[in-house]
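None of the figures in this text is laboratory data; all of them are computed from the coordinates on show. All figures in this text were calculated on a predicted structure; none of them were measured in a lab. Cβ placement follows ideal geometry from the backbone for every residue including glycine, while neighbour counts extend to all protein chains displayed.
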Amino acid sequence: MAKLLERVPKNLNYGAYGHLIQYFGDHRLPRQAKQLHARLVLHSVTPDNFLASKLVTFYSKSNNLLQARHLFDKISQKSIFSCNAMLIAYSSHDMYADTLKLFSSMLSSYSTDLKPDNFTITCVLKALSGLFCESRLAKEVHCYALRCGFDSNVFIVNGLITFYSRCNEFASSRVLFDRMPHRDIVSWNSMIAGYSQGGFYAESKGLYKEMLNSSVRPDGVTVISVLQACGQSNDLVFGMEVHDFIIENKIQMDLWICNALIGLYAKCRSLDYARSLFEEMSEKDEVSYCSIISGYMVHGLVDRAMDLFREMKQPALSTWNAVISGLVQNNRHEGILDLVRDMVTSGLRPNAVTLSTILSMFSYFSNLKGVKEMHGYAIKNGYDRNIYVATAIIDNYAKAGFLTGAQQVFDQSKSRSLVIWTAIISAYAGHGDADMAFFLFNEMLNNGIQPDPVTFTAVLAACAHSGLVDKAREIFDSMSAEYGIQPSVEHYACMVGVLSRAKRLSEAAEFISNMPIEPSAKVWGALLNGASVSGDVELGKFVCDRLFEIEPENTGNYIIMANLYSQAERWEEADMVRRKMDQIGLKKVAGSSWIESSGGLHSFIAKDTSSEQTEEMYKVMEGLHGMMGEEGYVLQDDIDVDRVYV
């Protein structure tokens, strides 16, 4: 190769130099490419657009973006060819803001030499998809593509499909897909992946079926998206059909497909098969471990998950996060803080995912001090700008009664998305401040943010806490009439709760009878709570009969009904409910409390004697009882508590 360089004449034209640079880059000969570039510099050769573009591409592929940009800036008369080379360089390195900045400067130059072509638009659409937040600009680019006749270009349409799907504008992406005269594998994969990642699992699987009947055959990328859709929708049968397709069509079982299969079987309770696949893998990565650990955690097999986790020599942060999240989901709170300390000791620092998970744990304890410490860490490390961390902090501050802090976090949020608005509305709703909740709801609307089903749940909760029945009806009716959102069973449960809290139980019962969808346990539960508060035994019995059918193993329903009978002094019927619990094998879950001391987090139940310091603790309790008596409080020792309340 050195001889080849020696034979290059000094007066070689730019095109030959450009092709040589490309040749060296394609054949992974960076040293020779740099030698050739050095010769250009030595002889004071100023590259033209073609040669400069090849150099930009070479340095981009060599991960030297600074040199690539330096060469680009030296081009006196830039062409669309050189601009595209720089755009591709930025886009391929996920430097989306720089991509859009360069595109903007191209448009502002008004040069006919810089008129965007299909390569330009493709790069810009990729950048927009990566940023997720430039819907208006994307629509302008889309219009530009239509004006220039690029709407039939498969690369541009694929880019538009990807963008609209990532922005959850699936109606737009599907229209583009359906109108394509010719679809390639990327077209199908973009639409199927968009549906799968957006939570439209049935649509993802349905489009896959259509693809099987088309002239384009699914590839590895296709099946990964469909397997993820099957896993998320617990569709084991369909997932196994996809697995069979992979085997029959000899699609290479690479690491990503194996991970997708493990995720499918783990989510669908086929944990032994998932573990078998895991053990057979010649190569495993963090996703492999996370998939099966998460599967164990989801199905409550915490010990098996922890055993596998302990087998790992150096777990990555994503695996630590999966374990911490699983412990929170399974209410194994006691050891989480110690686990986080172990993670930090191993050299890893909590990220936004870790923080949001830990914060969700603090909400169980109303640990304001701990939340403030997490908030301080988030600010120090820049995670307070993360939407999920900020939302978790708002939620925790609200649950701890620190509404001032929740409001401050909201006020300091630079990007006020729907999630942040909903969090602060929920905070005030939970504290019965309906006026502030409605004020914020209207402010959100005035800022052009459209509510989603979760927002309406928060607003209806505000109505329930404040007894605003008419306002709740108005909000409920506006969901479909003004916002095109069909009320879910959650919203019907909220309305029943509003009516029940206002002691309008007959209206609540009639509301349930007129529901267009099947009432869930939540709906009946809201009415049961109303009957319990009002002491309406007959209504409570009517509701419980239905709840016993829907969720026969929920001890709470039996306890509420037994207490209703006891309050009405219908002792025999209360005993019948308790006997029914015994026959089914149900036991009341003992209430527990937590306390954090210098020794860590401790939990205990009523009449607990398991602690080594039990005697000392009960002496303190006796002292507190004495102080309560001196303050005028009376202990109801003469009441048979076990007789009256289960």
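With θ set to phi - 60°, apply the Karplus curve 6.51 cos²θ - 1.76 cosθ + 1.60 along region 311-326 and write out the HN-Hα couplings as whole Hz, x wherever there is a Gly or Pro.
Along region 311-326, the couplings run 6, 6, 6, 9, x, 7, 4, 4, 6, 4, 4, 5, 5, 4, 4, x Hz.
Taking the alpha-carbon distance from Lys380 and a cut-off under 20 Å, which lysines remain once sequence neighbours fewer than 8 residues away in the same chain are dropped?
In chain and number order, the partners are Lys369, Lys372, Lys414.
Which whole-Hz couplings ³J(HN,Hα) result when phi for each residue of region 15-23 is put into the Karplus expression 6.51 cos²θ - 1.76 cosθ + 1.60, θ = phi - 60°, listed in order with x for Gly and Pro?
So the Karplus estimates, Gly and Pro as x, are x, 5, 4, x, 5, 5, 4, 4, 4 Hz.
Rounded, prolate or oblate: which fits region 451-500, taking a ≥ b ≥ c as square roots of the Cα gyration tensor eigenvalues, rounded meaning a/c under 1.5, else prolate when a/b beats b/c? Spell out each step's value before the answer.
Details: a/c = 1.78, a/b = 1.57, b/c = 1.13.
Prolate, because a/c is 1.5 or more and a/b exceeds b/c.
Can you give me the relative contact order of the chain as a percent, contacts being Cα pairs under 8 Å and 6 or more apart?
On the way: 756 pairs, mean separation 26.1, N = 646.
Dividing the mean separation by the residue count of the chain yields 4 percent.
Hey, if you put +1 on the Cβ of every Lys and Arg and -1 on every Asp and Glu Cβ in the chain, which of Ser276, Met86, Thr457 ends up farthest toward the positive end of that dipole?
Highest projection toward the positive end goes to Met86.
Between helix 434-446 and the chain, what is the angle of the helix's C-alpha long axis to the longest principal axis, kept within 0 to 90° and rounded to the nearest 10?
Helix 434-446 and the main axis of the chain meet at about 20 degrees.
State the Kirkwood hydrodynamic radius of region 375-480 in Å, one decimal place, computed from all pairs of distinct Cα atoms.
Numbers: mean 1/r = 0.0718 Å⁻¹.
Taking every pair of different Cα atoms in region 375-480, averaging 1/r and inverting gives 13.9 Å.
Under 19 Å Cα-Cα from Lys74, which aspartates and glutamates qualify once same-chain neighbours fewer than 8 residues away are excluded?
Hits, sequence-local ones excluded: Asp48, Asp98, Asp113.
To test your reading of the geometry: what angle, between 0 and 90 degrees and rounded to tens, separates the Cα axis of helix 96-109 from the longest principal axis of the chain?
That works out to roughly 50 degrees.
What 222 nm value per residue comes from the helices of the chain, counting each DSSP H run with n ≥ 4 as -39,500 (n - 2.57) and dividing by all residues, nearest 500 deg cm²/dmol?
-22000 deg cm²/dmol
Per residue of region 328-339, what does 6.51 cos²θ - 1.76 cosθ + 1.60 with θ = phi - 60° give for ³J(HN,Hα)? Whole Hz please, x for Gly and Pro, Karplus curve as stated.
Ordered by residue, 3J(HN,Hα) equals 5, 4, 9, 6, 8, 7, 4, x, 5, 5, 5, 5 Hz.
What whole-number distance in Å separates the alpha-carbon centres of region 148-223 and region 505-581?
First find each Cα centre; the distance between them is then 48 Å.
To the nearest 20 Debye, how big is the dipole of region 213-367 about its Cα centre, given +1 on the beta carbon of each Lys and Arg and -1 on that of each Asp and Glu? Intermediate values should be presented prior to the final figure.
Working: 12 positive and 18 negative charges, 81 e Å.
Computed charge dipole of region 213-367: roughly 400 debye.
In degrees, nearest 10, range 0 to 90: what is the angle between the Cα axis of helix 352-365 and the longest Cα principal axis of the chain?
So the inclination is approximately 10 degrees.
What is region 537-589 by shape, rounded, prolate or oblate, if you read a ≥ b ≥ c off the alpha carbon gyration tensor as root eigenvalues and call it rounded for a/c under 1.5, prolate for a/b larger than b/c, and oblate otherwise?
Details: a/c = 1.96, a/b = 1.22, b/c = 1.60.
Oblate shape, in that a/c is at least 1.5 and b/c is the bigger or equal ratio.
Which value, in debye to the nearest 20, describes the size of the charge dipole of the chain about its Cα centre when Lys and Arg Cβ atoms bear +1, Asp and Glu Cβ atoms bear -1, and nothing else is charged? Present the calculation step by step, with values, prior to reporting the outcome.
On the way: 60 positive and 73 negative charges, 786 e Å.
That gives a dipole near 3780 debye.
In the set [x] 53, 37, 22; [y] 56, 30, 23; [z] 58, 30, 27, which value of semi-axes √(5λ) of the Cα gyration tensor in Å was calculated from the structure you see?
Only one listed value fits the structure, namely [z].
Given +1 on the Cβ of Lys and Arg, -1 on the Cβ of Asp and Glu, and no further charges, what dipole in debye does region 149-199 carry about its Cα centre, rounded to the nearest 20?
Numbers: 4 positive and 4 negative charges, 14 e Å.
Computed about the Cα centre, the dipole is about 60 debye.
Suppose the chain between His70 and Val216 were pulled fully straight at 0.36 nm per residue; how much longer would it get relative to their current alpha carbon spacing? Could you put the intermediate results ahead of the total?
Working: separation 146, 0.36 × 146 = 52.56 nm, distance 4.28 nm.
Difference between extended and current length: 48.3 nm.
Quick check: from the Cα gyration tensor, does region 30-73 come out rounded (a/c under 1.5), prolate or oblate? If you can, show how the numbers build up before the last one.
Numbers: a/c = 1.78, a/b = 1.19, b/c = 1.50.
Oblate is the answer for region 30-73, as a/c is 1.5 or above yet b/c matches or exceeds a/b.
Among 211-224, 499-512, 390-403, what's the highest-first ranking by average C-beta atoms within 10 angstrom per residue? Spell out each step's value before the answer.
On the way: 211-224: 15.9, 499-512: 18.5, 390-403: 22.8.
Descending packing order for the listed peptides: 390-403, 499-512, 211-224.
Could you tell me the distance between the Cα centroids of region 333-347 and region 424-465, to the nearest Å?
36
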